[in-house]
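The block underneath contains the structure these notes are about, expressed in structure tokens.
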Amino acid sequence: MGTFYSFDDEAIEQALEAARNTHGGGELKAANASFDTTKGGDLFVSAQCVSVTVENHKICIKLPLGFGKHCFSIPVSIPNGTAGKACIGICTTWGIPTGVKLSVVIGGVTVISQTFGKC
């Protein structure tokens, strides 16, 4: 299978905290006159990028928040050994995590972008 790259737990927690703080103290009752419906509840917070290397035309990632391990096929035009980065972000609704979004960038081009859960 190859190397499974992972993200730092502290970076994930900081992204979650940022999402909670964005909605912290807000009134969630729509019946309340001060409820701001224009703000919406969905928020994406970037968490971290890590260096990755193409191995057997794949990049394997261990996702945070229980979304498991996954290997992603990279286009064969990108040779084995090519360096890139994998970036993760957290999707939330009213500060509660609902999913993650993974992007793999090689040579400044996003070659993989996939969401898990609700994003």
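All of the numbers you see were taken from the coordinates with simple rules; none came from a lab. Keep in mind that what you see is a predicted model, and the values were worked out from it rather than measured. Glycine gets a Cβ as well: all are built from the backbone with ideal geometry, and neighbour counts include every protein chain shown.
How much length, in nm to one decimal, is gained on full extension between ARG20 and PHE44, taken as 0.36 nm per residue of separation minus their Cα-Cα distance?
7.5 nm
Does anyone have the angle between helix 9-23 and the longest principal axis of the chain? Alpha-carbon axes, 0 to 90°, nearest 10?
30
Can you compute the label reach from THR82? Point 7 Å from Cα along the Cβ direction, backbone N cut-off under 13 Å, restricted to region 50-64.
Answer for region 50-64: 53-59.
Please report the net charge: other residues with Cβ closer than 9 Å to the Cβ of CYS91, K and R +1, D and E -1. Write down the numbers at each step before the final one.
Working: positive: LYS101, LYS118; negative: ASP42.
The answer is +1.
Could you give the size of the charge dipole of the chain about its Cα centre, using +1 on the Cβ of each K and R and -1 on the Cβ of each D and E, expressed in debye and rounded to the nearest 20? Walk me through the numbers on the way to the answer.
On the way: 9 positive and 9 negative charges, 69 e Å.
So the dipole magnitude of the chain works out to roughly 340 debye.
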